[in-house]
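Here, each number is a calculation from the coordinates, and none is a lab measurement. The structure presented is a predicted model; accordingly, all values stated were derived computationally and were not measured. Every residue, glycine among them, receives a Cβ derived from its backbone with ideal geometry; neighbour counts consider all protein chains shown.
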């Protein structure tokens, strides 16, 4: 089989497998949520939309900052989708201008459900401590 | 006066490649409109270009240029928001590339192999993702989705008792959301039906097994009626669980291309049309 024929015959499934492979790497090293990245991991866990982003030690409530700062607002979902240290640091830098103190703590909490005990609570997914330079 | 010409309907059903292609063209237009919010101007510009070229110049959706334009729109979305795009956006890219290759070399065998392998890969890996998710295999995910009314929504319109339980659960979760999570408050969800924990776990494993089996069956016996009946069961099952109609339309179109039985093709066609109508009316997800 020559190269052209091989490409024509298998380029599409190979691309699909490549994208899935990249998605698994992004999940492992970049903390990407399996819902995204083209690896078909939708409906394998509760959607990241329901994760909570908590920022402590802010001068004013986070909700009012989101209303005021479009950059922060659009970044919230990115952080929930890929809650890695880099994104948390970036988020901390964005909101640090609103913070009263020298350090702020960012946490991502995710819903935790137990069907056997019918319980619903939230568990800490990741925490990042930011100190103003 | 005749109100329906069966002869021409039968002819359309027998040319399944053209039938699937026409449906895919219609869905691609629908998808561009319904996802037109992001990068609206460039998308609608290309969309108008596609429609004008299709209607006035080429008058034939078998022209690769139309599909190249769709591909540009889809790839543009991937470049701008790779990590935001839905999984079936990727499936659309694979299907569009397959169509372009098919229209360039007219080899049905290559086209069907591409569609067959891509369909199998997505179903198989969808099953794998669920299999490696502790929240899924324990049944906790389905338990949460059912008790909060995210699944089997139409039932809630008819069963007020269940609807009240769902609303109560959602209120409890919403109240908890206002608290600082550091308090580690736990709430108790009320079950919409008895023994939901066991049902959720069984349903979760059933989903994984069906997805893996259909994925393997499409590679192993793509022409078998049994494979297609299972695939149809999966599509209908997803339809009744959650209105993911964009994804379902694409699966049904793939089904049309892969099936060799007129009756099965008619079932896929019916599912594709219904799903697409749900997307256009925004009753279902695009």
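A few comments on the model shown:
- Per-residue Cβ neighbour counts within 10 Å put B:129, B:262, B:88, B:160 in the sequence B:160, B:262, B:88, B:129, beginning with the fewest.
- Separation of region B:12-47 from region B:259-282 is 15 Å, based on Cα centroids.
- Ranked for footprinting exposure by Cβ neighbours inside 10 Å, fewest first, A:131, A:113, B:99, A:19 give A:131, A:19, A:113, B:99.
- Value at 222 nm in deg cm²/dmol, rounded to 500, when DSSP H runs of n ≥ 4 in chain A each add -39,500 (n - 2.57): -14000 deg cm²/dmol
- Mean partner shielding of peptide A:25-38, defined as the number of other chain Cβ atoms within 10 Å of each residue Cβ, is 3.
- Average beta-carbon neighbours from other chains, 10 Å sphere, peptide B:90-100: 3
- Choice from B:252, B:272, B:204 showing the highest fluctuation, given a GNM over chain B with Cα pairs closer than 10 Å: B:204
- Normalised convex hull volume, region A:1-45, alpha-carbon set, Å³ per residue: 73 Å³
- Helix A:85-95 vs. chain A, principal-axis angle (Cα, 0 to 90°, nearest 10): 40 degrees
- Here B:52, B:148 are placed in order of increasing Cβ neighbour count within 10 Å, fewest first, which gives B:52, B:148.
- Length gained on full extension, residue A:56 to residue A:28, computed as 0.36 nm times the residue gap minus the Cα-Cα distance: 7.3 nm.
- Degrees, to the nearest 10: B:262-280 long Cα axis against longest axis of chain B: 70 degrees
- Rounded to the nearest 500, the 222 nm mean residue ellipticity of chain B from helices alone is -24500 deg cm²/dmol, with -39,500 (n - 2.57) taken per DSSP H run of at least 4 residues.
- In degrees, nearest ten, helix B:245-258 long axis to first principal axis of chain B (Cα): 50 degrees
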